[in-house]
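For reference, the structure discussed in these notes is given below.
The values are calculated or read from the model by the stated rules, or taken from the named source; none is laboratory data. Only a predicted model underlies this, so the values are computations on that prediction, with no experimental measurement involved. Methodologically, a virtual Cβ is constructed for each residue, glycine included, from the backbone with ideal geometry; neighbour enumeration extends over all protein chains shown. All accessible areas refer to the heavy atoms of the entire protein, side chains included, with ligands and DNA or RNA removed. Shrake-Rupley method; radii C 1.70, N 1.55, O 1.52, S 1.80 Å.
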Amino acid sequence: MFATTYRQRLTVQKKTGLFRNPPLIEKRDGVYVFIGGRKLLNFSSNDYLGLGDSQILREKTARNFLKYGSSASSSRLVSANYDIMQEAENRYARYFGYDEALFFQSGYQANLAIISTFFGTGDTVIFDKHIHASSIKGIMLSGCRFTGYNHGNMSHLEKRLLKSPQDKTAVLTESLFSMDGDIPDMAAIKKLKKRYLFLCVVDEAHAFGALGTGGRGLAGDIADIALGTFGKALGFFGAFALLPKGFKSYLLNFASPVIYSTSLPAAHAATALDILEIIENSDALRACLAKISRLIKTRLRNEGFTVYGDAHIVAIEIGNEQKTWEISNRLLEKGIFVFSARYPTVPMGKAILRLSMTAGHKPEDIDIFVERFKEVYRNVMVN
Ligand SMILES: Cc1ncc(COP(=O)(O)O)c(C=O)c1O
């Protein structure tokens, strides 16, 4: 019975161009991945600074796991509250300009925990309609009253704020949107915050490490709570919540995803400390990332494509789900690995090719992409 239902649903996914079947990757090497014995240029990795595949981080991580062991072997609240975790969390809080920090096993889990624990009955959460699925899940779990505002639309946000109780309202946004690649109007949010006194939660998953002074992201001015993930520019795994004073203890006492889950190991905290030092000294990599990201957008726009993105996430507008999927498949055959973002990752009928640029991409890689994309686009769109 269950199996039949699942088969039917998957058939519908295939018919509508929404089926997901990720290719098997044999290995990665910088900006390349190997699939079916072929070397492909990768534009689908969030390893923005190239640290996730770097020799320096491989060695540091290996050393830390040798020293501290492989597992925390219990939840944080039972027997895994290691002093090195406290130290790493304190250092992260200080570096990013917050009072406290708490590490999580993933950004998804962190968003779920933060939102579902801090907000509940009697609270109102107003969110940008393009925020990440994990934040949406957190809202659903929280039991709060919630309402979305149109993506990046500050006057719509204000309309929502006018109807919400001042001291019981939180606003959720991202600083660099994961699919659209755009940055909201931070100055406008700051003004609204002054006027309406809401609690501001900002997901900086795609900005920390890559954007802002010393990789400190874009929302230090407006966020009361921020979310960072290690799995993108920081080249590792896990995540961290940055918090006002007293909020960490609240999570340790009331957040189910923290209380009932095996903690990250101590070796993770040791590596997190190493990473912070690297991030602080990565201005050159951030400059490379900014430069190559500007170049690809200019090149694509010069060819007449509609391209979005204010930084290293580049969205090429395609629209139709089937055609977008076909374009990424044909590019795969031509040695290019690029993600086709389709519903429900993006709204229906608004499918995009989503490119993540990294500091390791070279201008020659852009040449290759633009030439092959032009050819594939022409072939797919005329048929
Ligand atoms: C905006 C945003 N927030 C949170 C997450 C989740 O982070 P993680 O990959 O560490 O679970 C992602 C990752 O896809 C993301 O794009």
Exercise. Around Ala359, which amide H atoms from residues at least 5 apart in sequence, or from another chain, sit under 5 Å from its own amide H, with H modelled in the peptide plane?
Worked result: Leu49, Gly50
Problem set entry | Amide proton proximity set for Ser261, modelled H, under 5 Å, gap of 5+ | Arg76
Problem set entry | Per-residue SASA entry for Glu277, accessible area with 1.4 Å probe, Å² rounded to 10 | 120 Å²
Seminar exercise, completed: Listed by chain and number, the aspartates and glutamates with an alpha carbon less than 19 angstrom from that of Lys137, same-chain partners under 8 positions apart left out, are Asp123, Asp128, Glu174, Asp203, Glu204
Problem set entry | Of Lys297/Lys323; Lys291/Lys323; Lys129/Lys248; Lys194/Lys297; Lys27/Lys291; Lys232/Lys374, those spanning more than 32 Å from alpha-carbon to alpha-carbon | Lys194/Lys297
Exercise. For Ile183, Ile318, Ile25, Ile139, what's the largest-to-smallest order of accessible area, 1.4 Å probe?
Worked result: Ile25, Ile183, Ile318, Ile139
Seminar exercise, completed: GNM of the chain, Cα pairs under 10 angstrom: of Ala113, Ala359, Ala255, the biggest fluctuation goes to Ala255
For this session: Express the accessible area of the chain per residue in Å², computed with a 1.4 Å probe while the remaining protein chains stay in the model.
Result: 47 Å²
Problem set entry | At most 11 other Cβ within 10 Å, DSSP loop - trypsin sites (Lys or Arg not before Pro), the stretch 1-67 | Arg20
For this session: Would you look at the GNM of the chain, springs on alpha carbons closer than 10 Å, and say which of Val12, Val78, Val125 moves the most?
Result: Val12
Problem set entry | Mean projected area in nm² (Cα convex hull; one quarter of hull surface) for the stretch 8-64 | 6.2 nm²
Seminar exercise, completed: Order by accessible surface, 1.4 Å probe, largest leading, for residues Phe254, Phe208, Phe127, Phe339 comes to Phe254, Phe339, Phe127, Phe208
Exercise. Considering only protein heavy atoms and a 1.4 Å probe, what is the carbon-and-sulfur percentage of the accessible area of the stretch 296-359?
Worked result: 48 percent
Exercise. Using only the Cα atoms of the stretch 240-362, what do you get for the radius of gyration and for Dmax, in Å?
Worked result: 20.0, 55
Seminar exercise, completed: Amide H contacts under 5 Å for Val171, restricted to residues at least 5 apart in sequence or on another chain and with H modeled in the peptide plane, are Ile126, Leu199, Cys200, Val201
Exercise. What's the long-distance tail for the chain, i.e. % of Cα pairs beyond 32 Å?
Worked result: 37 percent
For this session: May I ask for the percentage of alpha-carbon pairs in the stretch 56-280 that lie more than 27 Å from each other?
Result: 30 percent
Exercise. Looking only at Ala62, Ala287, Ala133, which one moves most when the chain is put into a Gaussian network model with springs between Cα atoms under 10 Å?
Worked result: Ala62
